[in-house]
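Written out below as structure tokens is the structure these notes cover.
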Amino acid sequence: MGFGLPLRGDLAGVEPYGAVMPPAAVRLNVNENPYAPPPQVRRELSDAVAHLAGELNRYPDQEFLALRGALAEYLGREADAPWLTARHMWAGNGSNEVMLHVFQAFGGPGRTAMSLDPTYSMYPHYARDTHTGWVTAPRRSDFRLDLPAALETIDSAKPSIVLLASPNNPTGTALQLDEVEALAQATLRPDGQAQAVVVIDEAYAEFRRPGTPSAVPLVAQYPHLAVTRTMSKAFAWAGVRLGYMAASAELTDALRLVRLPYHLSALTQAAGLVALRQADALLAAVAQLRQARDQLVRDLQRRINPATGRNLDVAESDANFVLFGRFADRHAMWEQMAGLGVAVRETGPDGWLRVSVGTPQDNAAFLTALDQAMEAQQPPAMSSTPPPTGGS
Ligand SMILES: Cc1ncc(COP(=O)(O)O)c(C=O)c1O
């Protein structure tokens, strides 16, 4: 900047959001699925795009009803909510866009959105970009919801949006259903009107451990509750940019007020339909990634940080990444590992790093680089001869 452009004051000096991408061979910093879509999915996508190419002079279906119907069918099966229909579904260019739609419709000047700290670092950007106030309630030290603190913040800040990630990024922590219900109840006024919309961001839900619930079934009971999902993670479709939401028809209709015309391209809609027809093939690696995640947690827990002589701290994870630490200088660790060809993410509370689950080779390379980086952080061994004193 510096050309005298009339940039908004609150954007002056701000860095654009995005992971630092070191030129590392092993990319474990943005929680992607490491497995490329299999050949039959690629073929079906090519055929769908070839078919569509002859109609690209026309705008796409702005209500994307075929895609919404297919999303309802998939999510109804995955999250045990067979009553979901197209009218309950919404979609955007990534779940990021869906959540921005929520802020556009339910936030704005004089209003406040609330989340828990730590959480996904994009959330305050939606608030900033829609001139919505932003508050957080602290999580417990094990990163679980601190319900009294959250209820207290709802009471004092009176948010119109409560946005919670489950499993949370960067900690991997999921919410229990009674916790989601407590928040849904706390945002209802005595007259039954909603003070806030409650959005549960389940971007990583397909990776959840057995017994960890999805909040989707609660949508039937709470018209002010929405659950967002994405094709960027488990579906291995990050390049497509397709995220979606399940909520009451009233809530999805509100988002239709703020979306741009034809915001989902015909190509995106077609790619989404292909992914849903091929869901089994695309999701085939999820079970393996879950196991690899659990193994990575154990491998990390076993490790001793030579700087402290203690085992590493490792957060329990229901996602496809693991938060671990704590390091006196996490940036130095990050840099050291990047230099060894492994990109992890410097995010979350001070001292912690986050690693995405990769292929077995990626995970092995990560552990080797981690061990070397921890060794390199050691101060040089003390010499047994005392250093000379005084001198020039
Ligand atoms: C918690 C969480 N929500 C949402 C997203 C956004 O995903 P997308 O916009 O690709 O759907 C991410 C991406 O990393 C995330 O970590």
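The values are calculated or read from the model by the stated rules, or taken from the named source; none is laboratory data. Since this is a predicted model, take the numbers as computed values, not measurements. Using ideal geometry, Cβ is built from the backbone for each residue, glycine included, and neighbour counts are taken over all protein chains shown.
Taking the numbered list (1) more than 22 Å from the chain's Cα centre (by Cα); (2) in a helix (DSSP H, G or I); (3) surrounded by fewer than 18 Cβ atoms within 10 Å (Cβ to Cβ) in turn, Asp294 passes all entries but (1).
The listed residues are Arg43, Arg77, Arg87, Arg68, and the only one of them that is over 17 Å from Phe235 (Cα atoms) and among the basic types (Lys, Arg) turns out to be Arg87.
Taking every residue in the stretch 152-177 that is at positive phi and pairing it with any residue that is within 16 Å of the ligand (Cβ to nearest atom) and part of a strand (DSSP E or B), at least 6 positions away or on another chain, the pairs with Cβ-Cβ distances below 9 Å are Gly172/Phe321; Gly172/Val322; Gly172/Leu323; Gly172/Arg354. Residues in the stretch 21-31 that are hydrophobic (A, V, I, L, M, F, W, C) and within 16 Å of the ligand (Cβ to nearest atom) were compared, and the one that is surrounded by the most Cβ atoms within 10 Å (Cβ to Cβ) is Leu28. May I ask you to list the residues in the stretch 100-124 that are within 16 Å of the ligand (Cβ to nearest atom), surrounded by 18 or more Cβ atoms within 10 Å (Cβ to Cβ) and part of a helix (DSSP H, G or I)? If the condition is that a residue be within 16 Å of the ligand (Cβ to nearest atom), surrounded by 18 or more Cβ atoms within 10 Å (Cβ to Cβ) and part of a helix (DSSP H, G or I), then Leu100, His101, Val102, Phe103, Gln104, Tyr123 are the ones that fit. Which numbered condition in (1) away from the ligand (no atom under 14 Å from the Cβ); (2) of a type in the set (A, V, I, L, M, F, W, C); (3) surrounded by fewer than 21 Cβ atoms within 10 Å (Cβ to Cβ); (4) touching a residue at least 60 places away in the same chain (Cβ under 8 Å) is the only one that Ala238 fails? So Ala238 meets the others, but not (1). Inspect all residues belonging to the stretch 126-143 and state whether any of them is in contact with a Lys or Arg (Cβ under 8 Å, 6 or more places away or on another chain), surrounded by 22 or more Cβ atoms within 10 Å (Cβ to Cβ) and more than 23 Å from Glu250 (Cβ to Cβ). Within the stretch 126-143, not a single residue is in contact with a Lys or Arg (Cβ under 8 Å, 6 or more places away or on another chain), surrounded by 22 or more Cβ atoms within 10 Å (Cβ to Cβ) and more than 23 Å from Glu250 (Cβ to Cβ).
Of the residues Thr228, Thr252, Thr268, the single one that is touching a strand residue (DSSP E or B) at 6+ places or on another chain (Cβ under 9 Å) and within 21 Å of Thr212 (Cβ to Cβ) is Thr228.
Do we have any residue at all in the stretch 247-256 that's within 12 Å of the ligand (Cβ to nearest atom), surrounded by fewer than 19 Cβ atoms within 10 Å (Cβ to Cβ) and assigned to a helix (DSSP H, G or I)? There is no residue in the stretch 247-256 that is within 12 Å of the ligand (Cβ to nearest atom), surrounded by fewer than 19 Cβ atoms within 10 Å (Cβ to Cβ) and assigned to a helix (DSSP H, G or I).
Residue count for the stretch 220-235 satisfying the condition of being surrounded by 24 or more Cβ atoms within 10 Å (Cβ to Cβ) and more than 16 Å from the ligand (Cβ to nearest atom): 1. Checked against the criterion of being within 15 Å of the ligand (Cβ to nearest atom), modelled with pLDDT under 95 and outside any helix (DSSP H, G or I), the candidates Gly13, Gly18 yield just one match: Gly18. The set of residues in the stretch 21-72 being under 20 Å from the mean Cα position of the chain (by Cα) and part of a helix (DSSP H, G or I) consists of Leu71 alone. Please determine whether any residue of the stretch 306-316 is surrounded by fewer than 16 Cβ atoms within 10 Å (Cβ to Cβ), under 30 Å from Arg209 (Cβ atoms) and among the basic types (Lys, Arg). Yes, that holds for at least one residue.
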